[in-house]
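Presented below is the structure to which this report refers.
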Ligand SMILES: [Zn+2]
């Protein structure tokens, strides 16, 4: 089961951004808890670094996450600009724009743009402790500007939609069903990524994999597989009639394979989907 660490930014004596009596730490906690609930409803395991108004340093939060262990770490924040109402929109921060962190950031951004937020893109912030010190792929979500009235109005008026959007972005990355957008799907339909794609596949079951290369040389295939694995992709080699195929997956649902393919292509890999 996919396990997600959620981190409501700031807390306790540290309010984060402050604007007209509004405290960032409160918005962060409310949103982290709402997203956590949706993730759990959709079959993910969730751990929250805080559920109350308490303070731990970003470094401590990374340590808490590492102790707990998980597939992804998502930190909740709201942005702030020098002057009120200067900027508007959502922004994702990652340690670097590679692997599954970047994939998750892009997925959440796309979902939040669907809610109506301007997409300010993905930024590399290698010096933030929660991104740098966490051992799992990590994204810091800036859900609009706390000192921009339009962003606050959207945050309040569309709060449930925003929580669903972020949960959807996360669920898409871990290969589970969409939160709330696919009520017709029952437990049995939920998709899990299968490690390696070799085990657990029923004889009748069609599995989708994303191929990123095929080589006569085993060494070249291993190089590519290792590179993908270092970026946290579930890559493996399939030997087929003299050819070493490097693939990622497997997925029961085609749309999950499509998302993986898009993520890999954005990373510059040549890709196609195979069964
Ligand atoms: Zn913050």
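Being surrounded by fewer than 22 Cβ atoms within 10 Å (Cβ to Cβ) and touching a residue at least 60 places away in the same chain (Cβ under 8 Å) is the filter; apply it to segment 53-64 and report the residue that is farthest from the chain's Cα centre (by Cα).
Restricting to residues being surrounded by fewer than 22 Cβ atoms within 10 Å (Cβ to Cβ) and touching a residue at least 60 places away in the same chain (Cβ under 8 Å), the top hit is 57.
Give the number of residues within segment 83-134 that are over 14 Å from the mean Cα position of the chain (by Cα), without any contact (Cβ under 8 Å) to a residue 60 or more places away in the chain and either assigned to a helix (DSSP H, G or I) or more than 27 Å from residue 158 (Cα to Cα) (or both).
7
Output yes when any residue across segment 151-166 is within 16 Å of the ligand (Cβ to nearest atom), assigned by TED's automatic domain parsing to the domain that holds residue 10 and closer than 24 Å to residue 265 by Cβ, and no when none is.
The answer is yes, given that some residue of segment 151-166 is within 16 Å of the ligand (Cβ to nearest atom), assigned by TED's automatic domain parsing to the domain that holds residue 10 and closer than 24 Å to residue 265 by Cβ.
Quick check on my filter: what residues within segment 59-82 are part of a helix (DSSP H, G or I) and under 22 Å from residue 169 (Cβ atoms)?
Once the filter is applied, which keeps residues that are part of a helix (DSSP H, G or I) and under 22 Å from residue 169 (Cβ atoms), segment 59-82 yields 61, 62, 65, 68.
Regarding segment 24-33, can at least one residue be identified that is at pLDDT 95 or above, within 17 Å of the chain's Cα centre (by Cα), over 22 Å from residue 85 (Cα atoms) and more than 16 Å from the ligand (Cβ to nearest atom)?
Taking every residue of segment 24-33 in turn, at least one turns out to be at pLDDT 95 or above, within 17 Å of the chain's Cα centre (by Cα), over 22 Å from residue 85 (Cα atoms) and more than 16 Å from the ligand (Cβ to nearest atom).
Look at residue 116 and say whether it is in the same structural domain as residue 33 (by TED's automatic domain parsing) and on the phi > 0 side of the Ramachandran plot.
Criteria met by residue 116.
Specify the residue that is farthest from residue 154 (Cα to Cα); the eligible residues are those in segment 70-82 that are buried (at least 22 other Cβ atoms within 10 Å of the Cβ) and away from the ligand (no atom under 13 Å from the Cβ).
Step by step, filter segment 70-82, then rank; the result is 70.
Could you identify the single residue in 67, 50 that is more than 17 Å from the chain's Cα centre (by Cα), modelled with pLDDT of 95 or more and buried (at least 22 other Cβ atoms within 10 Å of the Cβ)?
Numbers: 67 fails: buried (at least 22 other Cβ atoms within 10 Å of the Cβ).
Of the residues listed, the single one that is more than 17 Å from the chain's Cα centre (by Cα), modelled with pLDDT of 95 or more and buried (at least 22 other Cβ atoms within 10 Å of the Cβ) is 50.
Restricting attention to segment 13-47, and to residues there that are crowded, with 19+ Cβ neighbours inside 10 Å and without any contact (Cβ under 8 Å) to a residue 60 or more places away in the chain, which single residue is farthest from residue 149 (Cα to Cα)?
The extreme case among them is 46.
Check off (1) in contact with a strand residue (DSSP E or B) (Cβ under 6 Å, 6 or more places away or on another chain); (2) within 16 Å of the ligand (Cβ to nearest atom); (3) at pLDDT below 95 for residue 96 and give me the number that stays unchecked.
(2)
The values are calculated or read from the model by the stated rules, or taken from the named source; none is laboratory data. All figures in this text were calculated on a predicted structure; none of them were measured in a lab. Virtual Cβ from ideal backbone geometry, glycine too; neighbours counted across all protein chains shown.
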